[in-house]
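Undergrad: Pasting in a structure now, in structure tokens, and then I'll have a few things to ask.
The values are calculated or read from the model by the stated rules, or taken from the named source; none is laboratory data. What you are looking at is a predicted structure, and each value in this text was computed from that prediction instead of being measured. Note that each Cβ is placed from the backbone with ideal geometry, even for glycine, and that neighbours are counted across all protein chains shown.
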Amino acid sequence: MEYLLHYVWKHLLDRTRPMATTDGRAVRVIDPGLRNGDAGPDFFNAKVEIGGTMWAGCVEVHDRSSDWYAHGHDRDRAYDSVVLHVCKVADRPVVRHDGGEVPQLVLEVPPHVRRNYEALRSAEMSPACSAVIDSIAPLVRHSWLSALAVERLRGKTGLVAERLARFGGNWEDVFFVSLARNFGFGVNGDSFERWAAMLPFRAMDKHRDSLRQVESLMFGISGLLREGSGDAYEEDLLREYAYLKHKFSLPEPPDFSWKLLRMRPGNFPHVRIAQLARIYQSSPSLFSRVLDCGSVDELRRLFKCGTSDYWHTHYTFGHESPGRRRMLSDRSADLVVINTVVPFLYAYGSYTGDGASCDKALALLESVGAEDNHMVRNWVRVGIVPDNAADSQALIELTREYCQKRKCFFCRFGYEYLKCERIL
């Protein structure tokens, strides 16, 4: 279980006896080093005192000394920088490529660490570390959640980068595609992204002064317009789309597999597309306007601009419903801020070197209320109550990237659980 030995070394958890090399020299660890996720020694920039002499360099960790040779490290110049070899069983001396012998330290995995690790692996409840949550210092909780919130933003920055590459670096187009995906609110997210990626943005720009023409293009590309429905508005959009399709040589739309089953009418793709058409038509240079917004309230107003009149009495084409304006709720608008605006601002700041945009993204996240979903509720149940959306985003990141992947070794809550010597 070499990974456990890595963990014990990283956190210096073997305190059962004084540290000494296999030839009897005292070892004092000043810094265990930084974990190396790439090729080469396991830890770099370590600082250790061996027999009174200070050494700075790399540390390699194996279950057995003979693994050094099994992995070919004795023939690899990259391992000439190793100043200490850590292992569970020292079954032979370790020699570098340059002929020098590497000091060895035998390290044990403490029984409580092994016991706690097995408990985490086999736990059926979520989160698996719930038994120690109450004992974790508030400062540790806060610092870990803050780090996770930034980690989640950096992950989303990568998604923005992928879309930018596909759209030739056009921030406005990519912002609208990302916005459309989030208007799918999970169930239709993939369909909305594929749909938005097919929109003829430059053609729509030429007809931006007409909401009817923007709608005809958006609904035409969606495949939701039906021939011979008898609905006057739908037939008008069909005629307009046929003209624009010919004018701009638009391709036949694919099947986007829109989902309506067991969905609230306000989330039907027809309504969401009508809202996106209104946003696009009423807000030229939409991302630039987002950059200029200074508060969550301004952003809410930007995204809650409603629809054309037809949708005040319809959720789909041809079926009338009780009259009301089809506007995003405040909560839905907040989700758009959390999942579209904030990651985009952070990505924009990262790519342009504009630290103010990154700071603004984090400030917006902290000014929006926490999300309420099953992942967040799991943490609330064990005593971690998010104060704002930054905290809830952190808890989502923690659940998806650590708990569900059983990456307890890399989690600060997992560390608190693993090092606990009492029976949990």
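Undergrad: From the list ARG163, ARG154, exactly one residue is buried (at least 16 other Cβ atoms within 10 Å of the Cβ) and either assigned to a helix (DSSP H, G or I) or over 19 Å from the mean Cα position of the chain (by Cα) (or both). Which is it? Walk me through it before giving the result.
TA: On the way: ARG154 fails: buried (at least 16 other Cβ atoms within 10 Å of the Cβ).
That would be ARG163, the only listed residue that is buried (at least 16 other Cβ atoms within 10 Å of the Cβ) and either assigned to a helix (DSSP H, G or I) or over 19 Å from the mean Cα position of the chain (by Cα) (or both).
Undergrad: Further question on the same structure: Filter region 19-53 down to residues that are part of a loop (DSSP other than H, G, I, E, B) and out of contact with any strand residue (DSSP E or B) (no Cβ under 7 Å at 6 or more places or on another chain) and give me whichever is nearest to TYR79 (Cα to Cα).
TA: Looking at the filtered set, the residue picked out is GLY40.
Undergrad: Take the conditions over 14 Å from LEU276 (Cα atoms), surrounded by 15 or more Cβ atoms within 10 Å (Cβ to Cβ), touching a residue at least 40 places away in the same chain (Cβ under 8 Å) and of a type in the set (A, V, I, L, M) and apply them to ALA180. Does it pass?
TA: Numbers: over 14 Å from LEU276 (Cα atoms): no; surrounded by 15 or more Cβ atoms within 10 Å (Cβ to Cβ): yes; touching a residue at least 40 places away in the same chain (Cβ under 8 Å): yes; of a type in the set (A, V, I, L, M): yes.
The answer is no for ALA180.
Undergrad: Next question, about the same structure. Could you please find all residues in region 19-59 being more than 34 Å from the chain's Cα centre (by Cα) and modelled with pLDDT under 90?
TA: Listed by number, the list is empty, since nothing qualifies.
Undergrad: On the basis of being under 18 Å from TYR280 (Cα atoms), in contact (Cβ under 8 Å) with a residue 60 or more places away in the chain, of a type outside the set (Asp, Glu) and not in a helix (DSSP H, G or I), does ARG208 make the cut?
TA: Considered against the rule, which asks whether it is under 18 Å from TYR280 (Cα atoms), in contact (Cβ under 8 Å) with a residue 60 or more places away in the chain, of a type outside the set (Asp, Glu) and not in a helix (DSSP H, G or I), ARG208 comes out as yes.
Undergrad: In region 116-139, what residues are outside any helix (DSSP H, G or I), without any contact (Cβ under 8 Å) to a residue 60 or more places away in the chain and of a type in the set (A, V, I, L, M)? Spell out how you get there, then give the answer.
TA: Of the residues in region 116-139, the ones outside any helix (DSSP H, G or I) are 123-129, 136-137.
Next, from what is left, pick out any that are without any contact (Cβ under 8 Å) to a residue 60 or more places away in the chain: 123-125, 137.
Scanning region 116-139 gives ALA123, MET125, ALA137.
Undergrad: So GLY323 fits all but one of (1) touching a residue at least 12 places away in the same chain (Cβ under 8 Å); (2) exposed (fewer than 15 other Cβ atoms within 10 Å of the Cβ); (3) closer than 29 Å to SER308 by Cβ; what number is the exception?
TA: In the conditions (1) touching a residue at least 12 places away in the same chain (Cβ under 8 Å); (2) exposed (fewer than 15 other Cβ atoms within 10 Å of the Cβ); (3) closer than 29 Å to SER308 by Cβ, GLY323 misses (1) alone.
Undergrad: Oh, and also: I'd like to know if region 395-403 contains one or more residues that are over 19 Å from GLU151 (Cβ atoms) and without any contact (Cβ under 8 Å) to a residue 60 or more places away in the chain.
TA: Within region 395-403 (the criterion being over 19 Å from GLU151 (Cβ atoms) and without any contact (Cβ under 8 Å) to a residue 60 or more places away in the chain), the answer is no, since none of the residues qualifies.
Undergrad: Okay, next question. What tally of residues in region 238-283 results from selecting those that are out of contact with any helix residue (DSSP H, G or I) (no Cβ under 8 Å at 6 or more places or on another chain), in a loop (DSSP other than H, G, I, E, B) and surrounded by 12 or more Cβ atoms within 10 Å (Cβ to Cβ)?
TA: Within region 238-283, residues that are out of contact with any helix residue (DSSP H, G or I) (no Cβ under 8 Å at 6 or more places or on another chain), in a loop (DSSP other than H, G, I, E, B) and surrounded by 12 or more Cβ atoms within 10 Å (Cβ to Cβ) number 2.
Undergrad: Regarding ARG226, is this residue assigned by TED's automatic domain parsing to the domain that holds LEU286 and either in contact with a Ser or Thr (Cβ under 8 Å, 6 or more places away or on another chain) or at pLDDT below 95 (or both)?
TA: Working: assigned by TED's automatic domain parsing to the domain that holds LEU286: yes; either in contact with a Ser or Thr (Cβ under 8 Å, 6 or more places away or on another chain) or at pLDDT below 95 (or both): yes.
Here the answer is yes, as ARG226 does meet what is asked.
Undergrad: For region 372-383, indicate whether the set of residues that are outside any loop (DSSP other than H, G, I, E, B), of a type in the set (Gly, Ala, Ser), surrounded by fewer than 22 Cβ atoms within 10 Å (Cβ to Cβ) and touching a residue at least 60 places away in the same chain (Cβ under 8 Å) is non-empty. Step through it out loud before you land on a result.
TA: Taking region 372-383 and keeping what is outside any loop (DSSP other than H, G, I, E, B), we get 374-381.
This time we only want the ones that are of a type in the set (Gly, Ala, Ser), so: none.
No, region 372-383 has no match at all.
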